[in-house]
1. Assess whether Phe178 counts as being of a type in the set (A, V, I, L, M, F, W, C), in contact (Cβ under 8 Å) with a residue 12 or more places away in the chain, buried (at least 20 other Cβ atoms within 10 Å of the Cβ) and touching an Asp or Glu at 6+ places or on another chain (Cβ under 8 Å).
2. Would you be able to tell me the number of residues in segment 159-174 that are surrounded by 13 or more Cβ atoms within 10 Å (Cβ to Cβ) and either aliphatic (A, V, I, L, M) or touching a helix residue (DSSP H, G or I) at 6+ places or on another chain (Cβ under 8 Å) (or both)?
3. Name every residue in segment 223-240 that is outside any helix (DSSP H, G or I), farther than 15 Å from Glu278 by Cβ, open to solvent by less than 10 Å² (accessible area, probe 1.4 Å) and β-branched (Val, Ile, Thr), in order of residue number.
4. Does segment 241-261 contain any residue that is open to solvent by less than 30 Å² (accessible area, probe 1.4 Å), closer than 28 Å to Thr151 by Cβ and assigned to a helix (DSSP H, G or I)?
5. Only one of Gly225, Gly184 is closer than 25 Å to Ala42 by Cβ and small (Gly, Ala, Ser). Can you tell me which?
6. If you take the residues in segment 99-132 that are in a helix (DSSP H, G or I) and open to solvent by 50 Å² or more (accessible area, probe 1.4 Å), which one is nearest to Trp158 (Cα to Cα)?
7. Could you tell me which numbered condition Val192 fails, if it satisfies all but one of (1) over 28 Å from Asp39 (Cβ atoms); (2) out of contact with any helix residue (DSSP H, G or I) (no Cβ under 9 Å at 6 or more places or on another chain); (3) open to solvent by 10 Å² or more (accessible area, probe 1.4 Å)?
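The values are calculated or read from the model by the stated rules, or taken from the named source; none is laboratory data. Here the structure is a predicted model, which means the values were calculated and not measured. Cβ sites come from the backbone with ideal geometry, for glycine too, and all protein chains shown count toward neighbours. Remember, those area values only see protein heavy atoms, side chains included, never the ligands or the DNA or RNA. Shrake-Rupley method; radii C 1.70, N 1.55, O 1.52, S 1.80 Å.
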Amino acid sequence: MKYPLSPEVKPEFCTTGSFVRLPEHRENAKLAIIGMPFDTAASFRVGARFAPQAIRQASMTLFPYHPIHKVYPFDETNAIDIGDVSVIPHNIHKSYELMEEAVKGLMEKDIIPIGLGGDHSITLASLRAAAKVHGPVAMIHFDSHTDTWDTYYEEKYWHGSPFIRAHEEGLVDPSKVFQIGIRGTLNHPGDVQESYELGYNVITTHELEQIGFESVLTKMRNVIGDTPVFLTFDIDFVDPSCAPGTGTLEVGGFSSRETLQMIRSLTGFNYIGFDVVEVLPQYDQTQITSLLAATIVHDFASLAALKIKENKQ
């Protein structure tokens with residue numbers, strides 16, 4: 001895109017409905033946007049089923065070049081947007097099957113998926129797909145909650161339990177799971193202790209402020225190495241002053257600028273998938289949460305593009 005714009009270039013408000021107007025099909029695609037609008041595993045607010053389209057709409061204001069990583073992520077990966085998985089709102093297990101099938105189909109073609117949630121329960125489907133293709137994976141998890149709570153009203157599958165289920169199913173290498181930014185009040189100390197007992201590396205917001213992200217990054221690089229990595233980002237990692245449109249708000253988080261700085265430093269990992277979850281557009285009146293989520297997707301695409309370029313060298 002160059003100025004002055006030609007008549008063929010559409011204004012930001014003219015959208016095809018896909019992320020940054022990406023096509024559905026493209027030769028040699030290495031990256032795919034995929035919507036996963038399932039939200040009936042949420043424990044408080046629902047509405048994340050509308051997030052994929054809200055994030056796509058917000059993406060219309062983004063430009064194609066990433067000035068930090070110096071890549072055109074969507075061009076250099078021949079990226080596509082394959083639309084939304086046709087989930088079943090009242091049936092989490094059938095929805096898991098549908099989402100897993102879609103993600104697995106992409107991974108088997110060596111296409112890196114970027115999932116647009118949906119509540120955080122959707123990540124279990126992606127991890128199931130990833131484990132079938134790559135074996136147990138490493139995971140980098142940004143969130144204010146560990147999501148390793150066993151049950152909720154005796155239900156084992158909800159948005160607070162995907163990562164205890166992932167451990168039980170052998171989908172991740174526990175020693176290579178990093179949960180970053182955990183904060184907020186708890187029912188009891190066991191709410192966080194459960195993650196430690198699973199063998200996960202937990203870095204609370206308080207600890208992160210004390211030791212700095214560079215220290216965490218160094219440890220992750222040493223521990224994860226070349227293991228395939230899935231990066232999952234819950235938007236409530238960010239302080240609600242910057243991302244109010246989410247379902248389980250926790251004050252005392254990081255700003256959008258601080259968040260992007262962390263994400264942009266995550267170069268050099270062997271990424272096989274990403275997702276961003278828990279955006280609730282109806283609580284996002286100024287669209288700043290959706291715009292942040294879209295920007296995070298742009299950053300994920302740039303990390304994927306760097307990985308693909310590195311593999312070609």
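1. Judged against the criteria, Phe178 is not a match.
2. 9
3. Val229
4. no
5. Residue meeting the stated conditions: Gly184.
6. Only one residue tops the list, namely Glu101.
7. All conditions pass for Val192, except number (1).
Conditions (1) at pLDDT below 95; (2) hydrophobic (A, V, I, L, M, F, W, C), marked per residue:
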| site | (1), (2) |
| --- | --- |
| Gln193 | yes, no |
| Val202 | no, yes |
| Glu207 | no, no |
| Ile224 | no, yes |
